[in-house]
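First comes the structure, then the notes that go with it.
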Amino acid sequence: MRTSRFLLLAVLMMAIPASLFAQFGVSVMIAPPALPVYEQPMIPAVGYMWTPGYWANGDEGYFWVPGTWAEPPEAGLLWTPGYWGWGGDAFAWNGGYWGTEIGFYGGVNYGFGYGGVGYGGGYWNNGAFFYNTSVNNVGGVHITNVYNKTVINETTVNHVSYNGGSGGITARPTAAEETATRAHHTPATAMQTQHVQAASTNHALLASVNQGRPAIAATAKPGEFSGKGVVAAREAGAPYKAPVAENKAAANKATENKAAENKATENKAAESKATENKAAENKAAENKAAENKAAENKAAENKAAATRTNENKASANKAAENKEATENKAAAKRTNENKATESKAARAPAESSKPTAAHAKPASHPATTAKAQPAPRQQPAARPEAAPKAQPASHPSTTAKTQPAPRQQPAARPEAAPKAQPASHPSTTARAQPAPRPAAKEAPKPETPRQ
């Protein structure tokens, strides 16, 4: 369990932004033990830089992370160690980082050039690191870039491993350290992370087991916990005090409270997220409904417009059809009327060409001159005129009106001589009618002329 916790811690330390790296860490209620007293192992090769050991915290309490020589991720970078700091209700771990300047590390005196402020173990020049032999164990390794300068500790020389709180160091960051803390940082290397992981799984490094005096206080290379490069602690930095039951219970209670707060925060965030999602879904649904409604209204309007257009077109077509039918019917009626008129006009001359016999009048009435019928159309050979019809002697004679001659039909029948009137009436001179052309057939019976 402790291994998995530190694996997760290492991954998170590498994933977070370098500028926030120093603010990351775990928190506990119990202060870490004092720093053990040990010697620095010899540097393994040129290019390695010293990273001091510290107390880390796991599921079984504090355990020691041995100091070791580590290779920087690139030239020009220096290591700022991590430290424990009191936050008002618990101790929080502020992780170390690589940077061009040394930042604030709580004023903790880790030794070997880390006296609480800055770093006196060496410096970079033209891409090469120069080692201060007064604080670095370069041993028999051939290193040309060395110098010797005594490092004066500007803080109280003790083995306290934390800042603030009861019995802690009271140092505060300088302006230069604050600037370095906010500058660009590079997290611990993969070898450094593996070194912490290996320490978390070593039971002998637990403070409750070694009583603040670990058997592996420092190593020549990261993760090498055996061999000639391993250095044991000479003594504990202070008498080890095991956490009492009350402190342990308080620590557990604080951990539970912290977990409850985190859970509440997570739940609150989840609720807020769910509310936002719900609001977004409702908004999307409303927008979708509005769009659908608008589309339906548009479709209804288009359909109504199309229906009106079709109705108007059908009405126009119907009116055109009715008008055409009416005009056709009127034209047919006029044609029929014209045809009937023509037929009637054609029959009238034929009827008028037929002569009628004059009706005899009583002897007591004066005779009237019979109206002369219209003479038929003269044929090439004129017929002899017939004698006019005699009128009664008792009536004064009147000159008969000459009727217009009807158009000669192709086969006109000859008119008979007018019927003689009784001798008692004085005769009147009648206008001689042209004699019709004798027909080949027997002459028809004379007809009485129309009055």
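The values are calculated or read from the model by the stated rules, or taken from the named source; none is laboratory data. The structure presented is a predicted model; accordingly, all values stated were derived computationally and were not measured. Neighbour counts run over all protein chains shown; Cβ positions are idealised from the backbone, glycine included. Please note that ligands, DNA and RNA were not included when accessible areas were found on the heavy atoms of the full protein model with its side chains. Shrake-Rupley method; radii C 1.70, N 1.55, O 1.52, S 1.80 Å.
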Task: Chain lengthening between Glu178 and Lys303 when straightened (0.36 nm per residue, less Cα-Cα) - done: 37.6 nm
Task: Contour minus Cα-Cα distance for Ala259 and Ala285 (0.36 nm per residue) - done: 5.6 nm
- [ ] Quantify, in whole percent, the carbon and sulfur part of the accessible surface of the stretch 132-207 (1.4 Å probe; protein heavy atoms only).
- [x] 55
Task: Potential lengthening between Ala215 and Glu311 on full extension [0.36 nm per residue; Cα-Cα distance subtracted] - done: 24.2 nm
Task: Local electrostatic count, Asn328, Cβ distance below 14 Å [Lys/Arg +1, Asp/Glu -1] - done: +1
Open item on the list: At R0 = 22 Å, how high is the FRET efficiency between Asn125 and Ala45 if r is their beta carbon distance? Nearest 0.05 is fine.
Closed with: 0.70
Task: Label point distance in nm, Glu60-Ala345, each placed 7 Å from Cα along Cα→Cβ - done: 14.0
Open item on the list: Once neighbouring chains are kept in place and the probe is 1.4 Å, which whole percent of the accessible area of the stretch 23-76 is contributed by carbon and sulfur?
Closed with: 50
- [ ] Provide the net charge surrounding Lys228, with neighbours chosen by a C-beta distance below 14 Å and charges set as Lys +1, Arg +1, Asp -1, Glu -1.
- [x] -1
Open item on the list: Along the Cα→Cβ direction, 7 angstrom out, place labels at Tyr147 and Thr201. What is the inter-label distance in nm?
Closed with: 4.3
TODO: Can you send over the solvent-accessible area of Asp59, 1.4 Å probe, protein chains only, in Å² to the nearest 10?
DONE: 70
Task: Mean Cα-pair separation over length for the stretch 180-296, i.e. relative contact order, pairs under 8 Å, 6 or more apart, % - done: 15
Task: Packing rank of 92-99, 169-176, where each peptide gets the mean count of other beta carbons within 10 Å, highest leading - done: 92-99, 169-176
